[in-house]
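Beneath this line is the structure, given in structure tokens, with notes to follow.
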Amino acid sequence: MIRLLSYNIHRCIGTDRRLSSERIAEVIDGCAADIVALQEVDVGRMRTGAADQARDIARHLGMMPHFHAALTVQEEQYGDAILTRFPSRLMRAGPLPGLAARPKLEPRGALWVSVEAGGKQLQVINTHFGLNGGERLRQAETVLGDDWLGHPECRDPVVLVGDFNAVPRSRVYRQLAQGLSEACHLAGNCDPGATFPSRLPLLRIDHAFLRGAVSVRSVRSIRTPLTRVASDHLPLLIELDLTAAGTEPDGKVMPGGKVDRR
């Protein structure tokens, strides 16, 4: 079994306004995660003490960090990271499109790492979509396109995780779900719990999508006294198995990793 965690860490600033990468590492360690996809990570930014948050958190956990800066201002960077204790290789890191008419929108990006787990390769793509609806649609199209999920080297099984700033009823969520399988549905859990805001979770905007021979045991947001204060998002924990045959216990895996539950 692989435990994968997706977590918007809000620059390691909690809802109590305290800055603490150690507290974020404690949350992750408590989830016993093997692969961690982080969003809103500061590296060398004066506002968070010029720390390299990706490396600091990885060092606490004994993991290898991969980082992509969606935003760079001189020597200061801000973006997404993937940490893992498994052997891993960076496949791609790059920007996602914004809107030409809105040049001041925060830059967004994605990070793709190939992880070797149990003798098999798992492609992990981590992203953080924008706040504008039109922007998110363009970003979803890009992630589904030839440079990312459609890339020849992005072979199944694949997991796409992150903060999509989109609820399940949204066009962006439905667009992603057309070509991928929602992890919570594969686990038979249509409501793994809201993830934002952490103190009083109302919105489910952090998601996991899968493709290929993957069996999902569980998907759930982690609600504890610590996670409610460590960041403004709750972490999303996915427990999965890489399967040799493309079958699920309660259904047949169709092309693209979809499951026929008829």
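Remark on the range 66-133: Rg and Dmax equal 14.1, 47 Å (Cα only).
Overall shape of the range 83-168 was characterised from the C-alpha gyration tensor. The equivalent ellipsoid obtained from it has semi-axes of 26, 12, 11 Å, in decreasing order.
The alpha carbon centroids of the range 59-113 and the range 157-175 are separated by 18 Å.
Computed from the Cα positions only, the extents of the range 137-219 along the three principal axes stand at 42, 30, 18 Å, in decreasing order. The chain has equivalent-ellipsoid semi-axes of 26, 21, 18 Å, by the square roots of 5 times the alpha carbon gyration tensor eigenvalues, sorted largest first.
Dividing the summed helix terms, -39500 (n - 2.57) for each DSSP H run of n ≥ 4, by the number of residues in the chain produces a 222 nm estimate of -5000 deg cm²/dmol to the nearest 500. Which percent of the accessible area of the range 1-123 is formed by carbon and sulfur heavy atoms (probe 1.4 angstrom)? Using a 1.4 Å probe with all protein chains present, the range 1-123 comes out at 48 percent carbon and sulfur. Remark: the Cα gyration tensor places the range 115-257 in the oblate category, a/c being 1.5 or greater and a/b not exceeding b/c.
Annotation: amide H-H contacts under 5 Å for Asn8 (H modelled 1.01 Å from N, sequence separation of 5 or more, or interchain): Gln39. Among residues other than Leu99 with Cβ under 12 Å from its Cβ, the summed charge is +3 (Lys and Arg +1, Asp and Glu -1).
Using a cut-off of 11 Å between beta-carbons, work out the net charge of the residues near Thr227 (Lys and Arg +1, Asp and Glu -1, Thr227 not included).
+2
Remark: the range 173-188, residue by residue, has Karplus-estimated 3J(HN,Hα) of 4, 5, 4, 5, 6, 5, x, 10, 9, 5, 4, 5, 5, 5, 7, x Hz, where x stands for each Gly or Pro and the curve is 6.51 cos²θ - 1.76 cosθ + 1.60 at θ = phi - 60°.
When the convex hull of its Cα atoms is viewed from all sides, the range 1-100 shows a mean projected area of 7.5 nm².
Over the range 45-180, give the accessible area per residue in Å² for a 1.4 Å probe, as an integer. Walk me through the numbers on the way to the answer.
Numbers: 6420 Å² over 136 residues.
Result: 47 Å² of accessible area for each residue.
The residues Met63, Met91, Met46, sorted by heavy-atom accessible surface at 1.4 Å with ligands and nucleic acids left out, run Met46, Met91, Met63 from largest to smallest. Computed from label points 7 Å out along Cα-Cβ, the spacing between Val167 and Glu76 is 3.3 nm. Taking the Cβ of Leu242 as the center, what net charge do the other residues with Cβ under 11 Å away carry, scoring Lys and Arg +1 and Asp and Glu -1? Around Leu242, the charge tally is -2.
The values are calculated or read from the model by the stated rules, or taken from the named source; none is laboratory data. Computed from a predicted structure; not experimentally measured. In this analysis, Cβ positions are derived from the backbone assuming ideal geometry, glycine residues included, and neighbour counts consider all displayed protein chains. These area figures cover heavy atoms from the full protein model, side chains too; ligands, DNA and RNA do not enter into them. Shrake-Rupley method; radii C 1.70, N 1.55, O 1.52, S 1.80 Å.
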